[in-house]
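To start, the structure under review is shown below, and the notes come after it.
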Ligand code: NAD
């Protein structure tokens with residue numbers, strides 16, 4: 001069994017973890033894993049997260065849920081007291097939202113991240129793990145992108161906010177002697193998903209099983225990562241990476257086309273005659289990066305690989321999400 005002690009001597013078993021967005025899709029899976037090695041406080045306003053995602057954790061030793069907003073700085077400072085490691089996952093999850101409301105990511109991404117860092121500083125908490133995204137890279141040549149790729153020019157307000165958050169985290173680390181583990185996630189899939197291409201397709205097919213609207217021309221191709229692999233990867237990185245600011249791509253080194261996701265889905269749903277209606281163009285919406293490839297060698301050198309390829313993760317997630325919806 002893997003030791004909970006890393007070479008820096010942190011005994012991760014004795015830690016008190018604080019997860020912003022811990023009642024969300026990824027956060028709730030992470031909370032389950034962290035409860036095995038310490039106490040966990042979930043801080044979430046349930047804007048896109050759900051009570052039902054964490055209800056099996058309520059009552060377990062060391063678990064605590066605070067229903068509150070990260071914009072409430074006083075509440076946040078008070079709630080964080082006494083914790084050792086901060087996992088900051090709360091954010092607006094919908095990249096498309098900014099087309100309708102342009103200040104969403106500024107408020108729910110950048111400002112809440114400032115609030116988290118400021119509360120950490122006041123409470124003397126010096127370790128933060130951050131859920132960033134491949135969207136920080138922007139639209140790039142179609143090649144596997146490593147963490148040192150630049151310049152970073154996001155094309156969505158969601159990506160711009162993630163990049164701003166990375167900058168705030170790096171600066172707080174430098175000035176206030178904190179340490180950070182920034183993970184740039186691929187597309188995360190699996191049970192409890194409340195958004196994303198698989199979730200959208202299944203919902204559309206439940207409404208009309210004759211036709212499926214596919215945004216763009218279906219050639220969009222990105223790496224997908226199974227949600228348990230995502231939580232595992234973050235924990236592995238936290239235990240084993242030891243720079244002051246650790247930046248890692250977290251995803252598969254393979255990728256899956258949107259049209260192939262649609263094909264896998266109709267096969268698993270037993271709907272072979274569905275007509276695909278493409279909305280056209282090479283991307284799903286303005287701000288969508290249609291082609292994403294990840295260079296995952298930095299995580300591999302650290303000793304971690306996901307358990308599933310991109311196609312396997314998609315197929316497994318389809319099976320599981322069909323049962324949930
Ligand atoms: P999610 O919507 O399920 O989780 C976000 C959680 O944050 C929700 O529970 C929501 O209620 C909470 N939240 C949002 N604003 C809040 C606020 N102001 N105060 C308190 N709580 C608030 O989304 P997810 O897919 O689990 O994403 C988790 C993180 O991972 C996000 O930061 C997201 O940007 C990042 N990420 C996700 C993916 C993906 O494919 N799912 C990819 C890249 C990055």
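Separation of segment 177-219 and segment 67-81, taken as the distance between their Cα centroids, equals 29 angstrom.
Projected over every direction and averaged, the convex hull enclosing the alpha-carbon atoms of segment 131-266 yields 9.4 nm². Over the C-alpha trace of segment 189-248, radius of gyration and Dmax come out as 16.9, 53 angstrom. The P(r) of segment 257-325 has a tail past 19 Å containing 53 percent of all C-alpha pairs. Taking the Kirkwood radius as Rh and the Cα radius of gyration as Rg, segment 236-283 has a ratio of Rg/Rh equal to 1.27.
Placing pseudo-labels 7 Å out from each Cα toward the beta carbon at residue 244 and residue 171 gives an inter-label distance of 1.5 nm. In a fully extended conformation the segment linking residue 195 and residue 285 would gain 30.9 nm over its present Cα-Cα distance, using 0.36 nm per residue.
The listed peptides 318-324, 105-111, 14-20, ordered by packing as a protection proxy, come out as 14-20, 105-111, 318-324 (highest mean of other Cβ atoms within 10 Å first). Against the chain, whose longest principal axis is taken from its Cα atoms, helix 310-324 shows a tilt of about 90°. In units of the compact-protein estimate 2.2 N^0.38 Å, the chain shows a Cα radius of gyration of 0.97.
Sorting the Cα pairs of segment 9-147 by distance into bins of 5 Å, from 0 upward, gives 2, 10, 19, 21, 19, 14, 9, 5, 2, 0 percent per bin.
Using alpha carbons only, what's the Rg to Rh ratio of segment 88-191 with Rh from Kirkwood?
0.98
I'd like the orientation of helix 197-207 relative to the chain: the angle between its Cα long axis and the longest Cα principal axis, in ° from 0 to 90, rounded to 10. Between the helix axis and the principal axis of the chain, the angle is about 50 degrees. Restricted to Cα atoms, segment 214-259 shows a radius of gyration and a Dmax of 14.4, 43 angstrom. Tilt of helix 25-35 relative to the longest C-alpha principal axis of the chain, in degrees (0 to 90, nearest 10)? Result, in degrees: 40.
Treating each Cα of segment 194-325 as an identical point scatterer and summing with the Debye formula, the log10 of I(q)/I(0) at q = 0.11, 0.13, 0.21, 0.22 Å⁻¹ comes to -0.45, -0.60, -1.21, -1.28.
Only the coordinates and a few stated rules stand behind these numbers; no lab work does. From a predicted model like this one, the values you see are computed outputs, not experimental measurements. Backbone-built Cβ (ideal geometry, glycine too); neighbour counts: all protein chains shown.
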